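The values are calculated or read from the model by the stated rules, or taken from the named source; none is laboratory data. Computed from a prediction, not measured in an experiment: that's the story for all the values here. We place every Cβ from the backbone using ideal geometry, glycine too, and count neighbours over all the protein chains shown. To get the accessible areas, we keep the full protein, side chains included, count just its heavy atoms, and leave off ligands, DNA and RNA. Shrake-Rupley method; radii C 1.70, N 1.55, O 1.52, S 1.80 Å.
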Amino acid sequence: MKDQIREPLVLALDTSTASLAAALVRGRETLGSVQSLAERNHSVETVSKLKALLDESGVPPDKLDGIVIGRGPGSYTGMRIAVSVGKTLAWAWNKPLVGVSSLESLAYGARQAHASQFAGNKATGRPDWFVPIMDARRGQVYTAAFASNAAGGWSRLAEDGVRLMHQWVDRLDEMSRDAAAGEEPARIWIIGDLTLHEAEGMRLQSISAEGGSKCEVRLQPFTMEGSSVAVLGAIRLEAGESDDVHSFVPNYTQLAEAEVKLLQKSREREANPDDGNRA
């Protein structure tokens, strides 16, 4: 294990969604942040926005303790931008690189934003579940599940993955009913961009209510925040953890359509090498 860093000063970036989210954080204190909803401009704006963030906060790169990157899953092109920028800066500035789950960052940010609502959970000890979602097309979502208890504990319930939203709703209902006494959720938060999946979220509300469950289902639109990416990365740095700069890659979860077509064409060319030489 590498040396632990107390209250690390980190620069964090995530471009896995339509929001370019960046933040400069020391420990749990946010010194500055950026949130831009122009996905098509991520590739041209990212470096300049990070530089401006450091300049406005009066922090030179050599004072940083690490670079934190949201590694996905999410937008195929978006993830590559953050990972490429993060690797370049970590190498150029000779700083540790730390990757965190973009889905966990989304969930953790929502948890922090609604922390005041957990006070009522202390009497029962029941946790809140946070279920981040990002659209993955064809009725699918990138998703995971996390639990937060009244004492501030944070744990993972389901791994990052791509799932059919309809089946995922059924699975969440099953998980909540099968939870051990005292571990059943007081609330399930479906968070993220709900535009294409609100109907399924409302279906979870209905089946929970119809089944007599004491679990409340809340649908909460939420946009990625750089501060949550930074805090999760700082936790890893504090534990002495970091990633290898050269082998660091995004968590694609599944191949994007463009990549599938590219691989298919590549295989066709390998099978018919003479075709590419024909006039």
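A few points about this structure:
- Qualifying residues in segment 207-217 (those that are crowded, with 16+ Cβ neighbours inside 10 Å and touching a strand residue (DSSP E or B) at 6+ places or on another chain (Cβ under 8 Å)) - the one farthest from P127 (Cα to Cα): S208
- Only listed residue being open to solvent by less than 70 Å² (accessible area, probe 1.4 Å), more than 30 Å from Q117 (Cα to Cα) and either among the acidic types (D, E) or at pLDDT 95 or above (or both), chosen from S247, S266, S242: S242
- A single entry from R138, R163 fulfils the requirement of being open to solvent by 40 Å² or more (accessible area, probe 1.4 Å), at positive phi and charged (D, E, K, R): R138.
- Within segment 33-51, the residues that satisfy the criterion of being assigned to a helix (DSSP H, G or I), at pLDDT below 85 and not β-branched (V, I, T) are E39, R40, N41, H42, S43, E45.
- Residue count, segment 189-206 (criterion: crowded, with 16+ Cβ neighbours inside 10 Å and more than 12 Å from the chain's Cα centre (by Cα)): 10
- Contacts under 9 angstrom Cβ, first residue in segment 57-75 being without any contact (Cβ under 8 Å) to a residue 24 or more places away in the chain, partner open to solvent by less than 30 Å² (accessible area, probe 1.4 Å), 6 or more apart: P60/L54
- Inspection of segment 96-107 finds a residue satisfying the criterion of being in contact with a helix residue (DSSP H, G or I) (Cβ under 7 Å, 6 or more places away or on another chain), in a loop (DSSP other than H, G, I, E, B) and crowded, with 18+ Cβ neighbours inside 10 Å.
- Subset tally (residues that are touching a strand residue (DSSP E or B) at 6+ places or on another chain (Cβ under 6 Å) and of a type in the set (A, V, I, L, M)) for segment 219-249: 8
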